[in-house]
Amino acid sequence: MPYAPGIRVFRSPIHGYGIRAVAGFQPGETIADVEGVLYKEEELVDDRYCLWIDDGFYLDMVDQTRWINHACEPNAEIEAELDGKGGAWARVVALRAIQPEEEITYHYGFPLDLAERCTCGCKSCAGWIVDPDSLPELLARTAFDHGPSTTGPDPESPNSLR
């Protein structure tokens, strides 16, 4: 697996593994360039660690960046695009100042059909990992789902679905 300096993998309280900053980062600073393999949508077998690049194109992350967790209040974002030469590039960029040892997160923005319960623990947690534009439709679809859940937001949160 390619090495990405400035970050390291750790067991995350958000979910499974995560990524921590080794040193601090300033807003707009590149945290890591993403190493990956470009796939067309119809070629994908497992998109668990893929970034959407453009319509029909995904970058399968093959370095430590694959373990960056989602958060509803992220401290980083992904910049990515096709390079015009049959490939693509992607990088993780700080949205705000990030302290050493702080977990790096970005908003996954999953499409509605791939939405998952969120465990980020942020004060404004939406309760779901989904594109914010799709959240109202998702909440309407799940309004009558009051079953117990072992994941998701704080039940006292105003955004809780329980």
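Every number in this text was worked out from the coordinates using simple rules, so none of it is lab data. Note that the structure is a prediction, hence the values are computed from the model and not measured. Here the Cβ is made from the backbone with ideal geometry for all residues, glycine too, and neighbour counts use every protein chain on show.
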query: For the chain, what is the mean residue ellipticity at 222 nm derived from helices alone (per DSSP H run of n ≥ 4: -39500 (n - 2.57); sum divided by total residues; nearest 500 deg cm²/dmol)?
result: -1000 deg cm²/dmol
message: I'd like the FRET efficiency for Glu43 and Val93, computed as 1/(1 + (r/R0)^6) with the beta carbon distance as r and R0 of 25 Å, rounded to 0.05.
response: 0.35
task: For volume of the Cα convex hull per residue in Å³, several values are listed as [x] 80; [y] 130; [z] 105; flag the one computed from this structure.
output: [y]
- request: Could you list the residues of region 109-126 with an amide nitrogen less than 14 Å from a label point located 7 Å from the Cα of Thr142 in the Cα-to-C-beta direction?
  value: 109-121, 125-126
- prompt: Fewest to most neighbouring Cβ within 10 Å: what's the order for Asp60, Asp33?
  reply: Asp33, Asp60
task: Starting with the fewest neighbours, write out Lys123, Lys85 ranked by other beta-carbon atoms found within 10 Å of each beta-carbon.
output: Lys85, Lys123
- request: Treating only the Cβ atoms of Lys and Arg (+1) and Asp and Glu (-1) as charged, compute the dipole magnitude of region 1-126 about its Cα centre; round to the nearest 20 debye.
  value: 620
Distance between modelled label sites at Val62 and Thr30, nm, 7 Å Cα→Cβ extension: 1.9
